[in-house]
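J.: Got a structure for you, questions after.
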Amino acid sequence: MPYDVVVIGSGPGGYACAIKAAQLGLKTAVIEKRRTFGGTCLNIGCIPSKALLYASEVYAEANYGFDALGIKVSKPKLNLTKMMRHKQSVIDANTNGVLFLLKKNKIDSFAGMGKILTSSKVEITAEDGSRQVLEAANIVIATGSGVAGISGIEVAFDEKVIVSSTGALSLEQVPKSVVVVGAGVIGSELGLVWHRLGAKVQVIEFLDKALGTMDGELSKHFQRLMEKQGISYKLGAKVTDVRKSKKGAAVTFELLKGNKAEKIEADVVLIATGRRPYTEGLGLQEIGVALDERGYVEIDNHWRTNVAGIYAIGDVVKGPMLAHKAENEGVIVAEILAGQAGHMNFDMIPSVVYTQPEVASVGRTEEELKAAGIGYKVGKFPFTANGRARAMMHTDGFVKILACAKTDRVLGGHILGFSAGEMIHEVTVLMEFGGSSEDLGRTCHAHPTISEAVREAALATFSKPIHL
Ligand code: NAI
């Protein structure tokens, strides 16, 4: 009997789509080329990076933060092998968790490369070369993304000296020096991991700011705090060559102001210059599935490609390359396939950078509001004025709320601070319900919590904060 849905790829988009489809009574199969489920996120992305970010944060805290709290410990020693073992155990627990959920929901899983033969046939080629074909009423492409590299130059990744995020999650020893190309999310998170573990980290960025898509004020403060921790930045610098050298690797870059070329060497170079949609070997050209000029699978507002019965979700289609965006799309497409309405609010996708302090954002930035000519009010509140933050010695950063000048509806929330990634969700829910800064400011918040800073920023937007 043919499947109602065959999902190609088992990352957060693909496995969530398969689970929701099965929950809604559809006969579902998943095809995965990796040996484990969970895609980039669980195997070589979000989850392992968070394991290393947490472990390295605790290490840095034990090194530099305990004394001020009155805790005397001898200098902590790093056991990188054990830290990597912790990371692997977290990966295993999560990937096995997906396997369990697929089985629990009676989803058939197939190991191998999926190739779409027609709008109702998918061929699977297993590692040993054996092939089989699945019949499907609907096919969902959830193949994710791969490392983009540096536009215009050939980078010889060996994942030991010249590394992508994959290699940077598995270095066997702490390098003395790391050059990070790209001050985006990966560069910021993994640069900080290796800095905390003892490497000298320099970041080279093409734009004139770190975290290019974030609110400018947040980016500026974030960079300052990273510099205070010891990471150095070269902004407005375009990397034009990366190659192995005697020391490790040499990076050549041109400063955009002055057109001057410079070269630096480091033990390890991390290339974190973005990702690109992964569609290789899927047979899309043969069956006529349209891609846009940047290689993304083209879809309409219901995630339908131009070939009937074939859908696409996650990093392989437009929108931010975020696991939670993919997951939402996966669930929605399953609902559409089961005959339900499917809707996603692309304006309410929070994004978080898991550094310390964290950076979290939802909705529009000040720059975007200015460019769109929308009148807005700003309310800010610093963590230095929050009692709980002081008690925990996490006073870096601030909350910033942007609301419509005419209606007070909240249009954006931006937080730089400890646990910002958790706090952003109250702003997200508020915005999803069309709430105003007054709604947020008049909502009772437990004391003492760092979330009170969010309320105070909302108070500052429509009236005045109490504690400032
Ligand atoms: P990114 O797009 O965040 O940052 C790449 C940076 O590299 C940009 O600032 C760009 O200007 C710079 N760049 C590009 N070419 C350059 C050159 N030749 N010289 C100097 N700088 C150059 O990409 P990133 O950090 O690689 O992350 C990839 C994707 O993965 C992103 O979409 C990101 O959202 C996602 N991701 C999300 C995470 C999270 O949500 N916490 C964690 C890790 C990745």
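Coordinate-derived values only; no laboratory data. Computed from a prediction, not measured in an experiment: that's the story for all the values here. Positions of Cβ are backbone-derived with ideal geometry, glycine not excepted, and every protein chain shown enters the neighbour counts.
J.: Go through 53-62, 268-277, 145-154, 114-123 and give me the packing order, highest mean Cβ count within 10 Å leading.
T.: Listed from highest to lowest mean packing, they are 268-277, 114-123, 53-62, 145-154.
J.: What FRET efficiency do you get for THR166 and LYS370 if R0 is 45 Å and r is their Cβ-Cβ distance, rounded to the nearest 0.05?
T.: For THR166 and LYS370, the calculated efficiency is 0.75.
J.: Between LEU255 and PHE157, what is the FRET efficiency for a Förster distance of 25 Å, r being their Cβ-Cβ separation, to the nearest 0.05?
T.: Efficiency, from the Cβ-Cβ distance: 0.50.
J.: Between beta-carbons, use under 12 Å as the cut-off and find the net charge around ILE231, counting Lys and Arg +1, Asp and Glu -1.
T.: Within the 12 Å Cβ shell, the charges total +2.
J.: Amide H of VAL203: which non-local residues (sequence gap of 5 or more, or other chain) have their own amide H closer than 5 Å, using H built in the peptide plane?
T.: Here the answer is VAL180, SER232, TYR233, LYS234, since their amide H atoms fall under 5 Å of that of VAL203.
J.: Quick check: Cα centre of segment 137-154 to Cα centre of segment 38-106, how many Å?
T.: For segment 137-154 versus segment 38-106, the Cα centre distance is 27 Å.
J.: Listing VAL429, VAL5, VAL161 from the residue with the fewest other Cβ atoms within 10 Å to the one with the most, what is the order?
T.: With the fewest neighbours first, VAL429, VAL5, VAL161 line up as VAL429, VAL161, VAL5.
J.: Which of VAL98, TYR59, VAL73 sits farthest toward the positive end of the charge dipole of segment 57-106, with +1 on the Cβ of Lys and Arg and -1 on the Cβ of Asp and Glu?
T.: After comparing all options, I get VAL98.
J.: In addition: How are the alpha carbon pair distances in the chain distributed across 20 Å bins from zero to the largest one, expressed in percent?
T.: Going out from 0 Å in 20 Å bins, the chain shows 22, 52, 25, 1 percent.
J.: Show me, for segment 303-312, the HN-Hα J-couplings you get by feeding each phi into the Karplus relation (A = 6.51, B = -1.76, C = 1.60, θ = phi - 60°), rounded to Hz, glycine and proline as x.
T.: 6, 8, 7, 6, 9, 4, x, 10, 10, 8
J.: Going 7 Å from the Cα of PHE100 along its beta-carbon direction, which residues of segment 14-49 have the amide nitrogen within less than 19 Å of the resulting point?
T.: 15-20, 23, 36-39, 42-43, 47-48
J.: My understanding is that a pair violates if its Cα-Cα distance is over 30 Å; which of LYS75/LYS263; LYS115/LYS238; LYS121/LYS325; LYS106/LYS160; LYS318/LYS380; LYS77/LYS325 do that in this structure?
T.: LYS75/LYS263; LYS115/LYS238; LYS106/LYS160; LYS318/LYS380; LYS77/LYS325
J.: For a footprinting-style exposure proxy, rank CYS41, CYS46, CYS17, CYS404 by other Cβ within 10 Å, fewest first.
T.: Neighbour counts put them in this order, fewest first: CYS404, CYS46, CYS41, CYS17.
J.: Please identify the DSSP H helices in the chain that span no less than 27 Å along the helix axis (Cα) and have a mean Kyte-Doolittle hydropathy of -1.0 or more.
T.: 80-104
J.: For an R0 of 30 angstrom, estimate the FRET efficiency from the Cβ-Cβ distance between LYS464 and ASN345 and round to the nearest 0.05.
T.: FRET efficiency, LYS464 to ASN345: 0.45.
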